[in-house]
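Derivation of every value follows stated rules applied to the coordinates shown; laboratory data play no part. Values in this document were obtained by computation on a predicted structure and should not be read as measured data. We place every Cβ from the backbone using ideal geometry, glycine too, and count neighbours over all the protein chains shown.
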Amino acid sequence: MIGYVDTRAALPKPVPFSEAILKGIAPGGGLFVPERVPRLTLSEIEALGRLPYRERAAEVFRRFELDLSDDQISAITRRAYGANFAHPDIAPVRALGRKRFSLELWHGPTLAFKDMALQCMPLFFSEALEKARGQGRPGGDFLVLVATSGDTGVAALNGFADRPHTKIAVCYPSGGVSVIQQRQMITQPGDNLTVFAVEGDFDACQSAVKAVFGDEEFAQELLVRHGLELSSANSINWGRLIPQIVYYVSAYADLVVQGHCPLGDPIDVCVPTGNFGNILAAYYAKRMGTPIARLLCAANANNVLADFLAGGVYDIADRRLVKTASPSMDILISSNLERLLYEASEDGRLVRRWMDDLKNTGRFELDTTVFSRLRQDLLGDWVDNETCLETIGRVYRELRYLIDPHTAVAWEVADRHARDLPMLVVSPAHWAKFPADVMRGLSGLPPGHPLPADEFELLGEVQRLAPDNPAPPAVHDIRTRPVRFTERVAGDRESLERALRDWLSQSS
């Protein structure tokens, strides 16, 4: 069995997968990582391409030697990847032009790549909880607390809604998500959930949530008064990352089986990046043996990651978050980078020092050895708002393929760094979640240009301009759902804890 260690070297010994997923975050604030990464041979990867997606996922999960039975794993993947996805291939690879491919990760129920993990992770969570109860584990039920820049919150609410022994609270930055994303969250059905609009940007929202996790007195209060322990569905939880590894292995298998790439030949992968979880999953897929040459980290105007990968210095001391057309990437503190730093350094004490420096001074700097290791795998670049919107229009004119602003960021970076290798561009969200900026891109309008309709009305306008790319029924359905959650809270630990206390008291 592969155990899990933590990135800051605080754990005395590795823990099993089920314990890592229940805890979410390790003692001392570090993140769980596998003590070793399993390998797949090229022939094994090719063989996956002839299986349905659910079986591909089960095989990758088994390679990580989870403390779950084969039957449990198969049952989880059958339930996670079925009729809840609108495409039979779940994560299809679409060929678009010479050596350009789009990995479409938005066919799930909330129309974004977070469904790839969050249709699966709650099932892992429930199995882990039942396993713990069966072993006489002390403690109670769980409160899953989530900070979101948009898509994680929507997918987590959908995945955890009405699951037994679990409550979920999602916090999003007020004014920092699209109208469609907000509507998806505040109308989500379910008796075990709530949503808070947090004043400030995503980093303030995420910091408040992390501070709640670090408050031992509040944790004790939750346990004593409500029988709840805290856990997370953010990508800081390893249960979020392991399903994401699957679709990169799967995509390469598809390219081989469909004749686009000879087995063993490398591909480049370009990922729009905010919190670093999606591209980190590609890194782990490469570690498993998937022939990925370069990982292109595509950032928006909040380009701290691109600067970091250029010089080895992570510096947010004087930065202010920029509001962009790709709001799910409007992040300055990329939590999952910590896992990459651990993998590159193999030294939890170094990681702890870097994370302390970031917390205390707003910056840290890598030594040349660790930085050179990162540069072997990753290249960073960034795209401004105007270019992002121009890319939406250009791609549609050239290919009749409509993309959302996050995909547009990756597409532009892929264009800049294309070479004579297949390029897989990750498409994380359906265009219909961002109709205003898609409309601007199609119409040649600048960022922020006023539009004469609300976002739901703009869905029709976009479809008039791009009739071959219809909006799915799911995005229209949320317009008729009643609004359930309107509470705003200040962006600090104390205010968030008060809001949680009030909700739990009312819902108990």
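In this calculation the C-beta distance from Ser505 to Arg133 is compared with R0 = 35 Å, giving a FRET efficiency of 0.90. Shape descriptor for the stretch 84-237: Rg over Rh equals 1.02 (Cα atoms; Rh from the Kirkwood inverse mean 1/r).
Here the Karplus relation 6.51 cos²θ - 1.76 cosθ + 1.60, evaluated at θ = phi - 60°, turns the backbone of the stretch 17-32 into coupling constants of 3, 4, 6, 4, 6, 5, 6, x, 10, 7, x, x, x, x, 10, 6 Hz, with x for every Gly and Pro. In the stretch 133-180, the convex hull through the Cα atoms has an average projected area of 4.1 nm², a quarter of its surface area. Each peptide among 224-235, 194-205 gets the average number of other Cβ atoms lying within 10 Å of its residues, and from highest to lowest they stand as 194-205, 224-235. The relative contact order of the chain, computed from alpha carbon pairs under 8 Å that lie at least 6 residues apart in sequence, is 19 percent.
Computed over the chain, the quotient of the alpha carbon radius of gyration and 2.2 N^0.38 Å is 0.91.
Antiparallel beta bridges, as assigned by DSSP with both residues in the chain, represent about 25 percent of the total such bridges. Diagonalising the gyration tensor over the Cα atoms of the stretch 304-369 and scaling each eigenvalue by 5 before taking the square root yields semi-axes of 22, 13, 11 Å, largest first. Pairs of Cα atoms nearer than 8 Å and 6+ residues apart set the relative contact order; for the stretch 382-479 it is 30 percent. Karplus-derived 3J(HN,Hα) values for the stretch 317-332, using 6.51 cos²θ - 1.76 cosθ + 1.60 with θ = phi - 60°, are 4, 10, 8, 10, 5, 9, 7, 10, 6, 10, x, 5, 9, 7, 9, 10 Hz; glycine and proline are entered as x. Helices of the chain meeting both criteria, an alpha-carbon length of 18 angstrom or more along the long axis and an average Kyte-Doolittle score not below -1.0, with helices taken as full DSSP H segments, are 121-134, 238-257, 385-399.
Annotation: amide H of Ile267 within the under-5 Å range of Ile292, Ala293, sequence separation 5 or more or interchain, hydrogens built in the peptide plane. Under the criterion of Cα pairs below 8 Å and six or more residues apart, the relative contact order for the stretch 60-135 equals 23 percent.
A cut-off of 5 Å between modelled amide H atoms, ignoring neighbours fewer than 5 places along the same chain, links Leu230 with Leu143.
A cut-off of 5 Å between modelled amide H atoms, ignoring neighbours fewer than 5 places along the same chain, links Ile168 with Val144, Leu193, Thr194.
The length gained by stretching the chain between Gln463 and Ala10 to full extension, at 0.36 nm per residue less their Cα-Cα distance, is 157.8 nm.
For Glu221 and Arg479, the difference between the fully extended length at 0.36 nm per residue and the C-alpha to C-alpha distance is 89.1 nm. Dipole of the stretch 463-508 computed with +1 at Lys/Arg Cβ and -1 at Asp/Glu Cβ about the Cα centre; of Ala499, Asn469, Thr486, farthest Cα towards the positive end is Asn469. When peptides 426-433, 473-480, 64-71 are sorted by average Cβ neighbour count within 10 Å, with the highest value leading, the order is 426-433, 64-71, 473-480.
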